[in-house]
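Below you'll find the structure, written out as structure tokens, and then a few comments.
The values are calculated or read from the model by the stated rules, or taken from the named source; none is laboratory data. Here the structure is a predicted model, which is why all the values come from computation and not from measurement. Using ideal geometry, Cβ is built from the backbone for each residue, glycine included, and neighbour counts are taken over all protein chains shown.
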Amino acid sequence: MGKFAKWVAGGLGWVFLGPIGGILGFTLGALLDAPDLSQPRLSGRGRTTTGDFAMSLLVLIAAVMKADGKVLKSELDYVKKYLMQSFGADSAKEALGMLRDILKQEIPLDDVTGQIRQHMNYSSRLQLLHLLYGLSEADKRISSKELEVIERIAAGLGISKRDKESVKHMFIPETDGAYKILEIDPSVTDEEVKKAYRKMAMKFHPDKVSHLGTDFQKFANEKFKKVNEAYNNIKKERNIA
């Protein structure tokens, strides 16, 4: 059994409600064929489980893949590779099977992001955005339509514009990108740089998403590393001790 099946077996909460539940009702069949998953456990509705996060991620990945109105085999192959590297072969097989079913459906994106925004805390929503930018950029061919959908997702999730730009520039290089990651202007003082770093280090600390489990927390470590890299680059540029 892969991790996706284990996350379902471990308990799903609020994803069974609303539009995400409607989408997943058609996609959980393959996982539930296993005898030990015939009756998945439902957790309390008030908290986000690892399963809730994983299923929400799959639905949003599908929305980004459908951005240009078509899904290419090369895109599915790349997502499979990404999932294998992130979660292992068994999990990638499970997730890809679900993803193919989700891709056949219409995704009411505003309703989906609204449901996530209502039930998932801000740090976890930031982590969703980080994963979507990472997946879209990883093949070095991120399209303008994909970016538009991810920005629409960010808005629907209630991510602030400054936080969205910070996460975006962890993957998309741009002039003054290190400053954008720290959410400051290049004209600020050295003391303001230090203050911004402390603020961002706290906002993106991996402990903020420890409830999602070690598999997703490792991606938070990558995000935290990007903040530190941005700060170190600025310190080097300015000769800050």
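Condition first: part of a helix (DSSP H, G or I), touching a Ser or Thr at 6+ places or on another chain (Cβ under 6 Å) and without any contact (Cβ under 8 Å) to a residue 60 or more places away in the chain. Can you find one or more residues in region 149-157 that meet it?
Within region 149-157, one or more residues are part of a helix (DSSP H, G or I), touching a Ser or Thr at 6+ places or on another chain (Cβ under 6 Å) and without any contact (Cβ under 8 Å) to a residue 60 or more places away in the chain.
Any idea which of (1) surrounded by 20 or more Cβ atoms within 10 Å (Cβ to Cβ); (2) closer than 17 Å to ALA63 by Cα; (3) at pLDDT below 90; (4) not polar (S, T, N, Q) is the one ILE153 doesn't satisfy?
Condition not satisfied by ILE153: (3).
Does any residue of region 131-140 turn out to be modelled with pLDDT of 95 or more and in a helix (DSSP H, G or I)?
Here is the first cut: in region 131-140, the residues modelled with pLDDT of 95 or more are none.
No - not one qualifying residue is present in region 131-140.
Of the residues that make up region 116-130, is at least one β-branched (Val, Ile, Thr) and crowded, with 21+ Cβ neighbours inside 10 Å? Spell out the reasoning first.
Pass one, region 116-130, residues β-branched (Val, Ile, Thr): 116.
Next, from what is left, pick out any that are crowded, with 21+ Cβ neighbours inside 10 Å: 116.
Yes: region 116-130 contains one or more residues that are β-branched (Val, Ile, Thr) and crowded, with 21+ Cβ neighbours inside 10 Å.
Tell me, which helices (runs of 4 or more DSSP H) wholly within region 1-111 include 2 or more residues that are at pLDDT below 80 and either assigned by TED's automatic domain parsing to the domain that holds ALA154 or basic (Lys, Arg) (or both)? It would help to see each step written out before you state the result.
Details: elements: 3-10, 18-24, 29-32, 50-65, 73-87, 89-103.
Because the criterion is at least 2 residues that are at pLDDT below 80 and either assigned by TED's automatic domain parsing to the domain that holds ALA154 or basic (Lys, Arg) (or both), the helices (runs of 4 or more DSSP H) in region 1-111 that meet it are 3-10, 29-32, 73-87.
Could you please let me know if HIS130 is over 14 Å from the mean Cα position of the chain (by Cα) and either among the acidic types (Asp, Glu) or within 17 Å of VAL209 (Cα to Cα) (or both)? If you could, list the steps in order and put the result at the bottom.
Values: over 14 Å from the mean Cα position of the chain (by Cα): no; either among the acidic types (Asp, Glu) or within 17 Å of VAL209 (Cα to Cα) (or both): yes.
Answer is no for this residue.
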